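Enquirer: Sharing a structure here in structure tokens format.
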Amino acid sequence: MIMEKETFGTFFSSVKEHAENWVEAKKNIYKLKGIRLLSLLAGNFSWLVISLFLLLLFSVFIGLTLGFWLSSLTGSYITGFGIVTLLIAVKILLLAALKRKIFINPIIRMIIKQCQQELEKKEDTSTIQDEKQ
């Protein structure tokens, strides 16, 4: 009888140890997945900020070049840069009017596509692991 209690005791302590290890491993996996997601978001955000800055810089120089060129054609800085200002205002109005079609919907589609790819990757990985077992 005493032998059985020790066997059950060691069995349950072993199970408890394995369960703690499993929980710790799961915690580490989720932490690493979170770090991966955060680094991916940070990289995409950095790329977005740099791209927007370069686009702004490009737009400023194109605007200045176009303004000076139109000024030389019209003979007046006010007229040349006024035309450029009107063109920029029209561009802003068009972007505001088409923001859903140009920006919001493509971003939503891109996010859905990336999520689907992540799910497919997980399914492929789990399928491969199931086949190995």
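Enquirer: Quick one: which of ASN21, ASN28 is over 21 Å from LEU119 (Cβ atoms), within 27 Å of the chain's Cα centre (by Cα), at pLDDT 80 or above and not aromatic (Phe, Trp, Tyr)?
Expert: ASN28
Enquirer: OK, next. Answer yes or no: is there a residue in the range 102-117 that is more than 22 Å from the chain's Cα centre (by Cα) and aliphatic (A, V, I, L, M).
Expert: The answer is no, given that none of the residues of the range 102-117 is more than 22 Å from the chain's Cα centre (by Cα) and aliphatic (A, V, I, L, M).
Enquirer: A follow-up question, please. Among GLY75, GLY63, GLY67, which is the only one that is surrounded by fewer than 10 Cβ atoms within 10 Å (Cβ to Cβ) and farther than 30 Å from LEU119 by Cβ?
Expert: Answer to the selection: GLY75.
Enquirer: Confirm whether LYS91 is within 16 Å of GLY63 (Cβ to Cβ), assigned to a helix (DSSP H, G or I), modelled with pLDDT of 85 or more and charged (D, E, K, R).
Expert: yes
Enquirer: Pairs, please: C-beta under 8 Å, at least 6 apart or cross-chain, first residue in contact (Cβ under 8 Å) with a residue 60 or more places away in the chain and in the range 28-41, second surrounded by fewer than 10 Cβ atoms within 10 Å (Cβ to Cβ) and of a type outside the set (Ser, Thr, Tyr)?
Expert: Sorted first by the residue in the range 28-41, then by its partner, the list stays empty.
The values are calculated or read from the model by the stated rules, or taken from the named source; none is laboratory data. Keep in mind it's a predicted model, so treat the numbers as computed, not measured. Every residue, glycine as well, gets a Cβ built from its backbone with ideal geometry; the counts of neighbours run over all protein chains shown.
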